[in-house]
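None of the figures in this text is laboratory data; all of them are computed from the coordinates on show. Because the structure is a prediction, the values reported are computed rather than measured. We place every Cβ from the backbone using ideal geometry, glycine too, and count neighbours over all the protein chains shown.
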């Protein structure tokens, strides 16, 4: 295939945060071109947002239904190849399902859906249609996350015994949703966010990162879920004990009322021989500590790193790579898989990305955490 993939977007119009991030990430590698979209549930705002992006007005649609129906009937050399969904949580399922059933590959913001039932239905639809689906758990795109994952898979640390993952933010320390903050308003609204607040918004990132790096699965959890800010409708702080499928124990906390914290996602994993630590606020560094040996510090672009890590590095050592580049790795790997399929080839397994199964795990996590948080029995099966 000797052209860019043509992408349509659902959501991400004027005033949206994540839509711009997705557009930048999609554009970095030159594999994808945004050609149109339904950028808002308000038809006029959608068309205005398309004009802001200097897109063809005829491909700036008033609804995702109109977009998918119209694009499906365009000639093969013009229609969209992929659809990116960047709406609030309650609007992930319907456009994703319709896009898959009408022949489009999909990349969607997390969490996968509004409910676990919707997530399971998307899993079924994906299997039935044979399309390609990516979920933007973007933190898995960092080179040092790939390095950590491969070190554990190669048993460099021995059997993993303990996992500690934390995601503190402070931006919701006050009742920001009562101001004109669009982000705070929908993320704290059960009708748009779902049954969870901080646990759905950032707790799922922590859960996904823990399972991705260690290769382990959560099988049981015990949660303490709180609403700290008076009058808030969804959790803004939570602490979770984890049992993993190899017998390892874990601790996960996600908080949006940790005043002063920015976006401090961090993970530590401890095995029989040593432990590793990675922080999103210092993403180019992986710290590995050993019993009886000196601590090692791995840096992006330096030394003999795993191919899985170097495949996700873009620039020489000493040049910071961060959030946008990691996000772009998800888009690039998804695009490479779509292109490989169009060319009748198998995608490179090293260029992985989260998919529907990861999204189902995330929705299971949300439901079990809230169930445990409300239960007197506490421990619940995952």
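A few remarks follow.
- Here the peptides 117-125, 175-183 are ranked by packing, the mean other Cβ count within 10 Å, and the order with the highest first is 117-125, 175-183.
- Treating r as the C-beta distance of residue 297 and residue 273 and R0 as 25 Å, the FRET efficiency rounds to 0.90.
- Taking 0.36 nm per residue of separation and subtracting the current Cα-Cα distance, fully stretching the chain between residue 310 and residue 2 would add 108.4 nm.
- Under conditions of 37 °C and 0.692 mPa s, the range 107-259 yields 193 µm² s⁻¹ as its translational diffusion coefficient, taking Rh as the Kirkwood radius over Cα pairs in the Stokes-Einstein equation.
- Which of 222, 60 has the fewest Cβ neighbours within 10 Å, and the rest in rising order: 222, 60
- When the chain is treated as a GNM with alpha-carbon contacts under 10 Å, the residue of 337, 259, 113 showing the greatest mean-square fluctuation is 259.
- Label-point separation, residue 186 to residue 379 (7 Å along Cα→Cβ), nm: 4.0 nm
- Springs between Cα atoms under 10 Å define the GNM used for the chain, and in it the highest mean-square fluctuation of 146, 156, 47 occurs at 156.
- Distance between the pseudo-spin-label points of residue 345 and residue 241 (7 Å out from Cα toward the beta carbon): 5.1 nm.
- Sorting the segments 189-200, 305-316 by their residues' average number of neighbouring beta-carbon atoms within 10 angstrom, most packed first, yields 189-200, 305-316.
- Per-residue extension of 0.36 nm, minus the Cα-Cα distance of residue 56 and residue 124, leaves a gain of 21.0 nm for this segment.
- Helix-derived mean residue ellipticity, 222 nm - over the chain, DSSP H n ≥ 4, -39500 (n - 2.57), to 500: -10000 deg cm²/dmol
- The range 93-114-the range 121-173 distance, computed between alpha-carbon centres (Å): 20 Å
- With the alpha-carbon atoms of the chain aligned to their principal axes, the span from lowest to highest coordinate is 65, 51, 39 Å, starting with the largest.
- Cut-off 19 Å (backbone N to label point 7 Å along Cα→Cβ of residue 73), residues of the range 24-65: 36-38, 57-65
- Gyration tensor (alpha-carbon) shape descriptor, the range 91-147, a/c threshold 1.5: prolate
- Residues 332, 368, ranked from the fewest to the most other C-beta atoms within 10 Å, line up as 368, 332.
- By DSSP, the beta bridges lying fully in the chain are antiparallel in about 60 percent of cases.
- The mean sequence distance of close C-alpha pairs (under 8 Å, at least 6 residues apart), as a share of the length of the chain, puts its relative contact order at 20 percent.
- Residue separation of residue 317 and residue 226 scaled by 0.36 nm, minus their Cα-Cα distance, works out to 28.6 nm of gained length.
- Among 21, 163, the order by Cβ neighbours within 10 angstrom, fewest to most, reads 21, 163.
- Directionally averaged shadow of the range 15-167, computed from the convex hull of its alpha-carbon atoms, nm²: 11.6 nm²
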